[in-house]
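As structure tokens, the structure follows; a few thoughts come after it.
The values are calculated or read from the model by the stated rules, or taken from the named source; none is laboratory data. As the structure is a computational prediction, the values presented were derived from the model and not from experiment. Here the Cβ is made from the backbone with ideal geometry for all residues, glycine too, and neighbour counts use every protein chain on show. Surface areas here come from the heavy atoms of the whole protein model, side chains and all, with no ligands, DNA or RNA. Shrake-Rupley method; radii C 1.70, N 1.55, O 1.52, S 1.80 Å.
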Amino acid sequence: MAKKPPAPLVRDPAEIETCMLCILGGGKAVPGEGPLPARNMIVGEAPGAREDWKGEPFVGLSGELLTALLGSIGLKREEVYITNLVKYRPPRNRPPHMKEIRACQRHLLEELGEVRPEIVVAMGATAGKWFRPDLLLKKDHGLPQRLLQPSLTENLNTMLTVIPMYHPAYALRNPRFR
Ligand code: URA
């Protein structure tokens, strides 16, 4: 039987690497990766040290847990599109600033348009709040969210469901939140 061609990955990382819209830009970027289109998409916060080194999202300890958790619900990592709000590692792994998230969001909006996911799992409060600013992770984690911002959804699949979850890094520190 003929082998299936590999699923296309997201566009040229060089497009992101030339981005100078915030102070994080202009170095090695960590673009999203996964099939296009994809039913499921994961959005994290920002790359960490290992992601920065490999140029791939979620390949450190958080990524190992994420891959294992996907496996536990019968999903292979390669079937899911995985990305971050911000495509560069913030200095000393600090959380990205709001102006960096805003500067980077055009990449995420483009990705959402290309991936056309039905389900987005937002990892951690920062990613969750990008989709739904009034989100309270403690109360809303695991609950499908209706999107409020029309600008986010006007070019997207209107059936998009966002499920906020605790970030795997948080679950590593607090195993009862896995
Ligand atoms: N944490 C994130 O939010 N994203 C990564 O890619 C790695 C760790």
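Numbers for the structure displayed
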item	result
Positive-end extreme of charge dipole, region 46-105 - chosen from I101, L69, P57 (charges on Cβ)	I101
Whole-number percent relative contact order across region 37-80, with pairs defined as alpha carbons under 8 Å at least 6 apart	39
Per-pair calculated FRET efficiency, R0 = 25 Å: E64 and D134 via Cβ, rounded to 0.05	0.20
Listed pairs K54/K139; K54/K99; K87/K139 exceeding 31 Å between Cα atoms	K54/K139
Additional length obtainable on full extension of the chain from L143 to N93, 0.36 nm per residue less Cα span	15.2 nm
Taking the chain and dividing mean pair separation by its residue count, relative contact order in percent (alpha carbons under 8 Å, at least six apart)	23
Rounded FRET efficiency, nearest 0.05, which uses the C-beta distance separating F177 from L109 and R0 of 41 Å	0.90
Accessible area (Å², 1.4 Å probe, nearest 10) - K54	100
Rounded, prolate or oblate (a/c below 1.5 giving rounded, otherwise prolate when a/b exceeds b/c) for the chain by Cα gyration tensor	rounded
